[in-house]
Amino acid sequence: MRDVYVAGIGITTFTRLEYPLSEIAAYASMMALKDAGVTEVDQLYVANMGAPRVNHQTALASAVADSLSLLPAGAAAIENGPASGAAAIKAGFQAVASGMDDVVLVAGVERMREVNNLEATDFVATLTHPLAEYIYGVTLPAHAAMFTRLYMEKYGVTERHLAMVGVKNQNAALNNVWAHLQQGITMEGILDSPEAMTNNPYVAEPLRFFDACPVSDGGAAIILVSKEKAMELGRPLIRLSGIGQATDTHAVFEREEPTDLLAVRKAAKDAFEMAGLTPDDVDVAELHDAFTILEIAESEEVGFFPKGEGHIGLEKGETALGGRIPINVGGGLKGRGHPVGATGVAQAWEIVTQLRGDGGKRQVEGAKVGLTLNFGGFGNNVVCLTFVRED
Amino acid sequence: MAREIYAYKCRLCGTMHYPFRMVCKGCKQNDYFEFDTVPLPKNGKLLTYTTVYNLPAQYDVATLGLGIVELENGMRMLGQLQIDDPKIGMAVKGSVEVVRKETYDNYYGMVFTAA
């Protein structure tokens with residue numbers, strides 16, 4: 001297998017975007033192509049979850065290839081729920097590592113604000129089990145809420161811990177101009193004042209409004225290349241060194257221990273093994289905080305904290321910028337936004353930015369090793385990636 | 001006749017499944033492909049629950065109670081809750097009722113109340 005490097009990255013602002021879906025993907029891709037200094041690719045993969053349903057568009061990758069004048073490159077769309085982005089990066093890795101392609105563009109895109117909030121919630125809920133979950137009105141916030149209730153009961157996580165994640169990540173987004181939420185929040189405003197319960201009502205008890213990521217439009221892109229090509233292009237050498245992916249039961253209630261996220265555990269273990277790394281080696285991490293509880297639970301399953309102690313590390317500030325293992329310093333899904341198909345690629349964008357030392361106010365000093373965790377379904381399809389700066 | 005929700009029992013190894021899957025998770029024999037249907041028990045205890053406020057467009061109610069229940073035979077299922085003050089571990093009993101209405105279809109599922 002050949003080594004694979006990230007030679008270019010690009011992103012759009014995450015917000016409500018009044019542009020065609022393919023143009024959002026193309027905009028991020030143009031930035032990535034320019035950053036890498038290439039005008040041709042062998043293959044592109046476009047990660048997206050909802051185009052056929054939400055945007056009434058199919059065969060998205062063909063549209064993006066033509067829009068970018070990348071013809072006659074190979075092109076394919078990859079739909080893997082909220083883990084589409086990292087799944088597309090995995091496909092790009094395989095294309096380069098196998099020797100089949102030298103330059104691959106991976107773009108992730110979603111335009112969810114084309115429909116109203118109720119329809120967007122329903123669109124995401126279609127990833128649940130059709131007969132055993134979806135017909136009951138289950139939404140992703142409902143799954144996260146039932147999971148949170150168990151976590152509170154078993155490990156002593158409280159609404160205060162959840163709010164701490166929300167405050168940390170939404171305020172971190174203030175250091176990221178591309179992030180959706182550009183409004184600082186305080187514990188007083190969302191938890192500790194008489195107005196807090198009005199500001200921050202329940203979405204699905206015990207989860208509140210500020211425990212959930214916003215519904216966003218946006219795109220992100222990276223260019224994957226062989227080592228030979230990377231040396232030729234002369235960008236900082238960031239190697240995609242580890243990939244793990246794992247699945248879990250479709251119906252969440254079938255899991256033997258309902259507070260375990262076994263697919264997260266397995267994906268991270270495999271990624272570390274492939275990269276020859278341990279959780280202690282990671283300098284900066286992007287975890288999939290679609291809901292605040294997920295950052296806590298994933299930080300344990302990935303191996304940064306023992307099971308049930310993620311919230312204690314959070315309390316000590318270990319997951320904040322300047323802490324032992326800074327998590328979601330660019331805002332995470334909570335602050336940056338979560339255009340579902342784009343998220344896995346946006347996480348890689350943030351990690352590469354960090355490993356290049358381009359993080360500005362949110363830079364983790366001397367970061368050499370980064371990790372992304374892209375969480376699909378309610379933990380039934382998870383992709384973990386590790387990145388290493390090599391020079 | 002009372003409506004039922006069924007579990008699927010592998011004819012080869014006896015492993016019970018809910019929901020249905022094409023290949024038995026116990027023996028993984030994909031050349032056998034036969035299951036017997038067994039009605040799921042209706043009583044159990046509540047494992048976890050939530051009240052949802054932002055529902056998909058098809059629901060014209062303000063909030064919806066949902067929960068995961070461990071049934072008497074140890075299997076689990078998700079259902080709607082009609083319980084004012086749910087508690088983890090409480091005993092519940094289920095009945096099969098309409099849980100989702102669409103223009104031409106009614107979808108039936110389990111609705112739990114306090115036992």
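We did not get these values from a lab; they are worked out from the coordinates using the rules stated. These numbers were taken from a predicted model, which means no experiment stands behind them. Using ideal geometry, Cβ is built from the backbone for each residue, glycine included, and neighbour counts are taken over all protein chains shown.
What the table below lists for this structure:
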{"item": "Likely footprinting exposure, A:GLU228, A:GLU300, A:GLU286, fewest C-beta neighbours within 10 Å first", "result": "A:GLU228, A:GLU300, A:GLU286"}
{"item": "Amide proton proximity set for B:TYR108, modelled H, under 5 Å, gap of 5+", "result": "B:VAL99"}
{"item": "Shielding score for B:66-77, defined as the mean number of other chain Cβ atoms within 10 Å", "result": "4"}
{"item": "Residues A:ARG265, B:ARG11, B:ARG100, sorted so that the one with the fewest Cβ neighbours within 10 Å comes first", "result": "B:ARG11, B:ARG100, A:ARG265"}
{"item": "Exercise: per-residue mean of other protein chain Cβ atoms within 10 Å, A:248-255", "result": "5"}
{"item": "Values of log10 I(q)/I(0), in the order q = 0.11, 0.18, 0.22 Å⁻¹, for segment A:7-112 under a Debye, Cα-only, solvent-free model", "result": "-0.29, -0.80, -1.22"}
{"item": "Overall form of segment B:20-115 per C-alpha gyration tensor (a/c, 1.5; a/b vs b/c)", "result": "oblate"}
{"item": "Per-peptide average of other Cβ atoms within 10 Å, ordering B:43-53, A:380-390 highest first", "result": "A:380-390, B:43-53"}
{"item": "Partner chain coverage, peptide A:140-152 - average Cβ within 10 angstrom", "result": "4"}
{"item": "Helical contribution to [θ] at 222 nm, DSSP H n ≥ 4, -39,500 (n - 2.57), averaged over chain A, rounded to 500", "result": "-10500 deg cm²/dmol"}
{"item": "Ascending count of other beta-carbon atoms within 10 Å, so fewest first, for A:GLU205, A:GLU18", "result": "A:GLU18, A:GLU205"}
{"item": "Under 5 Å, built H, 5+ apart or other chain: amide partners of A:GLY377", "result": "A:ALA83"}
{"item": "Shape category assigned to the protein assembly as shown from the gyration tensor of Cα positions, a/c cut at 1.5", "result": "prolate"}
{"item": "Dipole magnitude (debye, nearest 20) for segment A:295-391, charges at Cβ of Lys, Arg, Asp, Glu", "result": "240 debye"}
{"item": "Selection from A:MET112, B:TYR59, B:ALA114, by position along the positive dipole direction of the protein assembly as shown (Cβ)", "result": "B:ALA114"}
{"item": "Net charge dipole size for segment A:1-136 [Lys, Arg +1 and Asp, Glu -1 on Cβ; Debye, nearest 20]", "result": "140 debye"}
{"item": "Modelled FRET efficiency - R0 41 Å, B:VAL61 with A:THR278, Cβ distances, 0.05 increments", "result": "0.25"}
{"item": "Label-point separation in nm, A:ASP42 to A:MET100, each point 7 Å along Cα→Cβ", "result": "1.0 nm"}
{"item": "Peptides ranked, highest mean first, by Cβ atoms within 10 Å: ranges B:16-23, A:90-97", "result": "A:90-97, B:16-23"}
{"item": "Size of electric dipole in chain A: Cβ of Lys, Arg +1 and of Asp, Glu -1, about Cα centre, debye, nearest 20", "result": "400 debye"}
{"item": "For segment A:232-391: rounded, prolate or oblate by the Cα gyration tensor [a/c cutoff 1.5]", "result": "prolate"}
